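Just below is one structure, and these are the notes that go with it.
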């Protein structure tokens, strides 16, 4: 985001630090925090090069042995990286949480475009997510976002700028402030006909970035493994250059500790994306995320959601439908998104489907590690020529809008 400072309103509400079991020390007040953005991710774990470690001679992923908890890391690092906002300044930045500035809504609550003044006097646009008072997810997921995103740093994870927590007799307010992602989500561009179709190349580039984000969570943080647990197209946000960033860490969990193979937990997530082994047993591993990634790979191939009740019965469940059109079959083309208009290399599309099938393997141990998924997708990307040069009207060949188009 660069260096910037924020103007507060004339009055300030008392802001509460995030707290959970074991919280030891609250963050300093907002005015004591540095205005500059957090430094780049350390190179010690390979995060500076996409969060990927060098590939070992074995194709089996070896997760980092956790040595500290997210709670401990958050207590140590979050106070230095996150700004404590005050409710009145967020209200001012969103024009009283105006519906005109509302850009999205989910289980947590509503998201608003917010305008602040930079230290240089210019305008900074951020996103403010406000907890719905009737939300069933509530404080626990708000706290998870603060703790995880106060620790994690990667080019393919959305940046959390700060938070606000205010308790009064009348109500409790929980808000999060993020970098603003002007191109919304992969879900919008795949399934909303109001948007022009994404090109084949851009779809691959988005999935490569998303895979790098997951790889960083699984293997890029020396002290702890993170399982995302809610990978889906609507949680892949797109910046001004269509670079993807994973968002919404309310369901994220720490991976298994030393000597354990999984985390036993209640089954949560989004129907159609959760791995069947996780649903059946409650055993959560990094390979649960790999399954979800395989589902989204088929979504970018087909332009269909994982579940669409409006389609004929035999086509409502995406994975059941594509299994009848295997990558090596003569009718494989039938599953490809018609909005691509046939503009994709067939051999490359088959390779992506094969990779998706490996991610969707019944045995979690046989699913690839995300670092291997990244390498496979990068190889597939090289199977097609670069996009043609822009025409005289300024349109590109990568499926994006021209720079002058209204977003």
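Just so it is clear, none of the values below were taken in a lab; they were calculated from the coordinates. Source: prediction; values computed, not measured. FYI the Cβ positions are ideal-geometry reconstructions off the backbone, even for glycines, and counts take in every protein chain you see.
Structure above, values below:
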| read-out | value |
| --- | --- |
| Protection-proxy order for peptides 141-152, 121-132, 369-380, each taking the mean of Cβ atoms within 10 Å per residue, highest first | 141-152, 369-380, 121-132 |
| Residues 265, 302, 67, sorted so that the one with the fewest Cβ neighbours within 10 Å comes first | 67, 265, 302 |
| Inter-part distance where the range 272-299 and the range 156-235 are each reduced to a Cα centre, Å | 18 |
| Distance (nanometres) between label positions extended 7 Å along Cα→Cβ at residue 123 and residue 363 | 5.8 |
| Ranked packing of 180-193, 156-169, most packed first, by mean Cβ within 10 Å | 156-169, 180-193 |
| Separation in nanometres of the label points that stand 7 Å from Cα toward Cβ, at residue 223 and residue 68 | 0.2 |
| Burial ranking of peptide ranges 100-110, 286-296 (average Cβ count within 10 Å, highest at the top) | 286-296, 100-110 |
| Footprinting exposure proxy for 218, 271, 325 (fewest neighbouring C-beta atoms within 10 Å first) | 271, 325, 218 |
